[in-house]
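The values are calculated or read from the model by the stated rules, or taken from the named source; none is laboratory data. Here the structure is a predicted model, which means the values were calculated and not measured. Please note: Cβ atoms are built from the backbone with ideal geometry, for glycine as well, and neighbour counts cover all protein chains shown. What goes into the accessible areas is simple: the full protein's heavy atoms, side chains included, and nothing from ligands, DNA or RNA. Shrake-Rupley method; radii C 1.70, N 1.55, O 1.52, S 1.80 Å.
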Amino acid sequence: LWRYWTDDKITLQRTLMALAEREANFEHSFEISKLDAGDAQAIENKPPQLPLRRNRYNRIEFEHDLAADWIRFQRLKEIAPETEKWANLAGNPLWLGALRMLGGFLLREDTPDGRTTWDAAFQTVTTNVENASAADVLLDALCLDPNAEVFLKERVDLLLRDNGRLLTRLLRRFLHIASIPGGPSKQLGDILCANPSYSLYLEAEFRTPIPGRWLAVARFLSVYQGRI
């Protein structure tokens, strides 16, 4: 996808990474007059399939959030071995999508000692309480991956250690990221009419599952039901 969007042009890739980082700092579009000459030239010659556009205010913006997430993921791959560096980004919600993609990437990369780079990174972030958010994002990547069932089985001993502390932590997050706000519309409507300030509580407590995200985790829980 990255090569398709950019025709594998390094100059354009560099420009996109810089813009995606700026967007993650809550700069959601970029004034044409303030682009440097190199960035303006790269955007001028961009392939038609690249999801980047000029809006009617003469600002450059990404066409959708997935494009920005995917480009930030490319930036994270550059610093993947520097765990502490990318772990510090986990506190910014605009980096979460890219960090979860990075987690999936690390699950498929090996270290010289026979582990995956996910395991090495997870060990690093769990030794520092300040990196708790990064550890959570790596757990998200583990249960959201298309090959989650295999990856979970490979780490069953880790997850069930200390009376299942990590599994509990993973499942608490999974219950949220594998569902969307929703519930009986009339009941929720009545509550909101009575007190609109309950909206955040309702979003957290009334959830509708996203079925496709549950299959691998459900099978894992079934296989290890006795131990759990």
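If you average 1/r over every pair of different alpha-carbon atoms in segment 39-165 and take one over that average, what Kirkwood value in Å do you get?
Values: mean 1/r = 0.0615 Å⁻¹.
Roughly 16.3 Å, rounded to one decimal.
Given the chain, what whole percent of its Cα pairs are spread farther than 23 Å? Of the Cα pairs, 59 percent sit more than 23 Å apart.
Of the GluC sites (Glu not before Pro) found in segment 1-96, those that fall in a DSSP loop while having at most 15 other beta-carbon atoms within 10 Å are Glu27, Glu63, Glu82. With q set to 0.17, 0.26 Å⁻¹, the log10 of I(q)/I(0) for segment 39-93, from the Debye formula over equal scatterers at the Cα positions, is -0.71, -1.06.
Close amide-amide hydrogen proximity is noted between Ser179 and Ile210, each under 5 Å apart and 5 or more residues distant or on a separate chain (H modeled in the peptide plane; Pro and chain starts excluded). Between segment 78-131 and segment 1-71, what's the alpha-carbon centroid distance in Å? Value for the Cα centre distance between the two parts: 25 Å. Taking Arg54, Arg72 and ordering them by how much accessible surface each has at a 1.4 Å probe, largest first, produces Arg54, Arg72. Against the chain, whose longest principal axis comes from its Cα atoms, helix 156-177 is set at around 60 degrees. Of the accessible area of segment 74-205, computed with a 1.4 Å probe over protein heavy atoms only, carbon and sulfur atoms account for 54 percent.
Computed with every protein chain present, the accessible area of Phe26 is close to 130 Å² [probe 1.4 Å].
Computed about the Cα centre, the dipole magnitude for segment 1-91 is approximately 200 debye when only Lys and Arg (+1) and Asp and Glu (-1) carry charge, each at its Cβ. Among the lysines of the chain, pairs at least eight places apart or on separate chains and with Cα atoms under 23 Å apart come to 6. As I understand it, the value is the acute angle between the Cα axis of helix 185-194 and the longest principal axis of the Cα atoms of the chain; what does it come to in degrees, rounded to 10? The angle comes out at about 80 degrees.
Taking all protein chains as shown and a probe of 1.4 angstrom, Tyr4 keeps an accessible surface of around 130 Å².
Would you mind checking the tilt of helix 96-106 against the longest principal axis of the Cα atoms of the chain, expressed as 0 to 90 degrees and rounded to 10? Taking Cα atoms only, the helix is inclined about 80 degrees.
Counting only heavy atoms of the protein chains, get the accessible area per residue of the chain (1.4 Å probe) and round it to a whole Å² value. Can you show the working numbers first?
Values: 13140 Å² over 228 residues.
Each residue of the chain exposes 58 Å² on average to a 1.4 Å probe.
Given the DSSP H assignment, sum -39500 (n - 2.57) over each helix run of at least 4 residues in the chain and divide by its residue total; what's the result at 222 nm in deg cm²/dmol, nearest 500? Spell out each step's value before the answer.
Values: 13 runs with 136 residues, N = 228.
-18000 deg cm²/dmol, from helical runs alone.
Computed about the Cα centre, the dipole magnitude for the chain is approximately 480 debye when only Lys and Arg (+1) and Asp and Glu (-1) carry charge, each at its Cβ.
When the alpha carbon gyration tensor of segment 113-228 is reduced to an equivalent ellipsoid, the three semi-axes, largest first, read 32, 17, 12 Å.
Take Lys77: with every protein chain present and a 1.4 Å probe, its accessible area is about 80 Å².
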